[in-house]
1. Could you list all residues from the range 34-56 that are of a type in the set (Gly, Ala, Ser) and either within 14 Å of the ligand (Cβ to nearest atom) or more than 24 Å from CYS74 (Cβ to Cβ) (or both)?
2. For the subset of the range 81-99 comprising residues that are loosely packed, with under 15 Cβ neighbours inside 10 Å and not small (Gly, Ala, Ser), which member is farthest from the ligand (Cβ to nearest atom)?
3. Would a scan of the range 62-80 turn up a residue that is within 15 Å of the ligand (Cβ to nearest atom), assigned to a strand (DSSP E or B), β-branched (Val, Ile, Thr) and out of contact with any His (no Cβ under 9 Å at 6 or more places or on another chain)?
4. Mind checking whether some residue in the range 21-33 is away from the ligand (no atom under 11 Å from the Cβ) and in a strand (DSSP E or B)?
5. Considering only the range 212-228, how many residues are out of contact with any helix residue (DSSP H, G or I) (no Cβ under 9 Å at 6 or more places or on another chain) and either under 30 Å from GLU21 (Cα atoms) or hydroxyl-bearing (Ser, Thr, Tyr) (or both)?
6. Suppose the filter is outside the structural domain of TYR23 (by TED's automatic domain parsing), out of contact with any strand residue (DSSP E or B) (no Cβ under 7 Å at 6 or more places or on another chain) and surrounded by 15 or more Cβ atoms within 10 Å (Cβ to Cβ); does ILE233 pass it?
7. From the list SER169, SER161, exactly one residue is of a type outside the set (D, E, K, R), within 16 Å of the ligand (Cβ to nearest atom) and closer than 21 Å to SER118 by Cβ. Which is it?
8. Do we have HIS116 as more than 11 Å from the ligand (Cβ to nearest atom) and in the same structural domain as TYR23 (by TED's automatic domain parsing) here?
Amino acid sequence: MIQTSLRELFSNIRKSSDKWELYLDVYEGLFAPFRGRPISILEIGIQNGGFTEVLAAYFPNAVKIVGCDIDEKCGSLVASDPRISVVIGDAIDAGTAGRIKEISDSFDIVIDDGSHRSKDIIAAFCRYFPLLREDGVFIAEDLHCSYWHEYEGGLAHQFSSISFFKLLSDVVNYEHWGLSYPRTRLLSDMFQHHSCEISDDVLETIFSVTFCNSMSIVRKKAASAVLLGERVIGGTEFAVADNAPHNHSHAARNDQRGNPFSDLDLITNKHVFGLFVALLNANSKLSVDHARLAEQLQAVSFGIAESQQNQQSWIVEPLASLSSNLETAQGNNHKEIVERLALLTSDVETIKQKNTFFDWLRVKIGSGS
Ligand SMILES: C[S@@+](CC[C@H](N)C(=O)[O-])C[C@H]1O[C@@H](n2cnc3c(N)ncnc32)[C@H](O)[C@@H]1O
């Protein structure tokens, strides 16, 4: 039987839906495996209700299709399909989530097309990803907003929604971190910033995080299915490399606790790391200046010694004073670095909330607690 494509259903709806073209193609491929199954769907942000009806038409065997919108006007939408329920309220609010759960306590597909603000997207993920069934999929739409200030974003914004999903891709690879922290540690600043959280048990069920333009797609599987498993070597001919001994071996557990690039405080503060690198670069430039000064200092010292020997007092005094100036300059350069680091730590600390990076930085530069 030829089934109607999502795009076709979309082009024939009466209630309006507002989508980007790319999404229709992505959804076509993403939704196909769910099509005949008795699934439940949550759509956050339904507006005119058009896409909710597309979903109902596309999934004939869907059991529940819950649409949630903060706009009370959505309460007057009359659904064309008895499987559709509309919940009015802020999706990230516990009360709204409670009403959604009364209709369905778990979902196979969650689409977040709500406010597109980083805070709401991350909070919605924390609230509804735990409700996703095994093999389910969570889609966050319109992540282009995460690059915009008005939506609590920006290309280098540490707490934007896209930064959050990028961090989740590290969570997928948790077994290779070589650290003794739980997964939640990587996200602790993010959670603290957005006042939400998600347990390690749930994080370990994130099977994959994929991105396409403006969308992030997070799949859930049983925790055991997320693991890399055994290395399997097929074939019996090893003309180039004898990999046979690796058959049924496990990925190396490579201890990274001493690796500064595995320092979680650094990773969770990448933008500040950039500042730190700039400072280190300035430091190395000053080291070059130091070397040049040291050479000059040595030349001057020789000059002083020679002049003293020759009793050329007219030149001894100016050289001695130049020598002391150079020594002061050297000292100042060091002082300048320390002062700049201290200023950086205190300055940024005042404009941001307490942040583990600065504790880390204080320890690293040995400036106490
Ligand atoms: C882009 S529209 C949704 C479009 C719709 N999904 C479609 O395909 O046509 C965004 C909707 O999200 C709703 N919204 C914004 N913030 C929300 C929140 N915190 N909880 C639930 N809905 C929200 C808005 O009221 C608006 O109707």
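1. Of all residues in the range 34-56, those of a type in the set (Gly, Ala, Ser) come to 36, 40, 45, 49-50, 56.
Those that are of a type in the set (Gly, Ala, Ser) and either within 14 Å of the ligand (Cβ to nearest atom) or more than 24 Å from CYS74 (Cβ to Cβ) (or both): GLY36, GLY45, GLY49, GLY50, ALA56.
2. Of the residues in the range 81-99, the ones loosely packed, with under 15 Cβ neighbours inside 10 Å are 81-82, 93-95, 98.
Checking the rest, the ones that are also not small (Gly, Ala, Ser) come to 81-82, 93.
Values: ASP81: 16, PRO82: 20, ASP93: 8 Å.
Here the answer is PRO82.
3. Yes; the residues of the range 62-80 include at least one that is within 15 Å of the ligand (Cβ to nearest atom), assigned to a strand (DSSP E or B), β-branched (Val, Ile, Thr) and out of contact with any His (no Cβ under 9 Å at 6 or more places or on another chain).
4. Of the range 21-33, the ones away from the ligand (no atom under 11 Å from the Cβ) are 21-22, 25-26, 28-33.
Keeping just the survivors that are in a strand (DSSP E or B) gives none.
No - not one qualifying residue is present in the range 21-33.
5. First pass over the range 212-228, keeping only residues out of contact with any helix residue (DSSP H, G or I) (no Cβ under 9 Å at 6 or more places or on another chain): 219, 221-222, 224-225.
Filter once more, keeping what is either under 30 Å from GLU21 (Cα atoms) or hydroxyl-bearing (Ser, Thr, Tyr) (or both): 219, 221, 224.
Qualifying residue count for the region: 3.
6. Values: outside the structural domain of TYR23 (by TED's automatic domain parsing): yes; out of contact with any strand residue (DSSP E or B) (no Cβ under 7 Å at 6 or more places or on another chain): yes; surrounded by 15 or more Cβ atoms within 10 Å (Cβ to Cβ): yes.
Yes; evaluated as a whole, the condition is true for this residue.
7. Numbers: SER169 fails: within 16 Å of the ligand (Cβ to nearest atom).
After ruling out the rest, the residue left standing is SER161.
8. Numbers: more than 11 Å from the ligand (Cβ to nearest atom): no; in the same structural domain as TYR23 (by TED's automatic domain parsing): yes.
Considered against the rule, which asks whether it is more than 11 Å from the ligand (Cβ to nearest atom) and in the same structural domain as TYR23 (by TED's automatic domain parsing), HIS116 comes out as no.
The values are calculated or read from the model by the stated rules, or taken from the named source; none is laboratory data. All values reported here derive from a predicted model rather than from experimental measurement. Don't worry about glycine lacking a Cβ; one is built from the backbone with ideal geometry, like all the others, and counts go over all protein chains shown.
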